[in-house]
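**Student:** The structure that follows is given in the form of structure tokens.
Bear in mind these aren't lab numbers, they're just calculated from the coordinates by the rules spelled out. Small disclaimer: the values here were computed from a predicted structure and weren't measured. All Cβ positions, even for glycine, are placed from backbone atoms using ideal geometry, and neighbour counts span all protein chains on display.
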Amino acid sequence: MINRDVSKIIKKRRSIFPKQFNGDEISNNTILEILQNANTAPSHKLTQPWFFKIFTKSGKQKLANEIIKLKQKKSDIFEKKIISNFELSSHIICICMRRDKSKSIPEWEEIAATAMAVQNIWLSCVNSKIGGYWSSPDVIGKLNIFLNLSKNERCLGLFYLGIYDSTPLRSVPRKDIETDIEWIE
Ligand SMILES: Cc1cc2nc3c(=O)[nH]c(=O)nc-3n(C[C@H](O)[C@H](O)[C@H](O)COP(=O)(O)O)c2cc1C
């Protein structure tokens with residue numbers, strides 16, 4: 001038997017989008033606690049490839065301006081959405097991945113390990129007023145200079161975090177896993 005409390009937490013995890021945030025701030029200590037959970041993710045050869053650049057307060061504005069600048073197709077709607085999303089968010093975490101210099105582990109494994117760290121961020125928010133989601137806009141591939149990333153480093157997305165009032169959680173139906181399981185005995 002597995003621990004049903006763990007199952008409940010996993011099933012309660014949801015994406016909470018910035019438009020649901022109320023603009024309140026999360027303390028940096030809480031963000032650190034969340035990232036300490038992220039840091040317990042597994043990784044092949046314990047490379048721990050994840051690292052994070054955290055934008056908050058006026059830092060958010062700098063990142064928003066850069067994203068707007070880098071967006072190829074200029075649009076007022078996009079610009080307004082980014083500004084509003086950033087204002088409503090408390091912290092925006094750039095999810096980054098670093099491969100070791102000898103590339104001893106395939107890139108997909110390092111990305112997978114980083115994604116597991118992100119799942120821990122997400123799970124850390126369950127049963128709290130903190131919500132968040134992983135955003136992967138096309139401009140993340142162009143943020144290397146702004147984020148001061150080296151050749152062996154990549155930004156895999158932005159994790160928006162903010163405070164939300166108890167709104168009913170979206171129901172996001174999943175496929176029936178039994179249709180995608182094959183038992184081989
Ligand atoms: C790697 C990854 C990238 C994502 N990128 C985006 C994104 O760019 N825009 C978006 O609206 N949601 C994005 N999401 C969130 C998904 O839309 C969301 O997880 C999915 O709809 C299921 O909803 P749930 O997280 O509430 O279960 C991303 C999720 C993952 C795992």
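**Student:** Give me the extension gain from Phe51 to Trp183: residue separation times 0.36 nm, minus the current Cα-Cα distance, reported in nm with one decimal.
**Tutor:** Difference between extended and current length: 43.8 nm.
**Student:** Hey, another quick one. As a check on your grasp of the helix formula, calculate [θ] at 222 nm for the chain: sum -39500 (n - 2.57) over DSSP H runs of n ≥ 4, divide by the residue count, round to the nearest 500.
**Tutor:** -11000 deg cm²/dmol
**Student:** Next up: May I ask you to list the residues of region 1-32 whose amide nitrogen lies under 19 Å from a point 7 Å from Cα along the Cα→beta-carbon direction of Ser136?
**Tutor:** Of the residues in region 1-32, 14-18 have backbone N under 19 Å from the label point off Ser136.
**Student:** Would you mind telling me which residue in Gly157, Gly23, Gly141 has the biggest mean-square fluctuation in a Gaussian network model of the chain, where springs connect alpha carbons within a distance under 10 angstrom?
**Tutor:** Result for the chain, Cα springs under 10 Å: Gly141 fluctuates most.
**Student:** What percent do you get for the relative contact order of region 78-185 when only Cα pairs under 8 Å and 6+ apart count?
**Tutor:** Relative contact order here is 37 percent.
**Student:** Please report Rg (one decimal) and Dmax (integer) in Å for the Cα set of the chain.
**Tutor:** 17.7, 58
**Student:** Now for a different question. Provide the net charge surrounding Phe55, with neighbours chosen by a C-beta distance below 12 Å and charges set as Lys +1, Arg +1, Asp -1, Glu -1. Could the numbers behind the result be given before it?
**Tutor:** Numbers: positive: Lys53, Lys57, Lys60, Lys62; negative: Glu66.
So the surrounding residues net to +3.
**Student:** Here's something else I'd like to know. Of Lys81/Lys101; Lys19/Lys142; Lys81/Lys142; Lys57/Lys151, which ones are farther than 30 Å apart at the Cα?
**Tutor:** Values: Lys81/Lys101 38 Å; Lys19/Lys142 25 Å; Lys81/Lys142 19 Å; Lys57/Lys151 28 Å.
Lys81/Lys101, as the Cα separations exceed 30 Å there.
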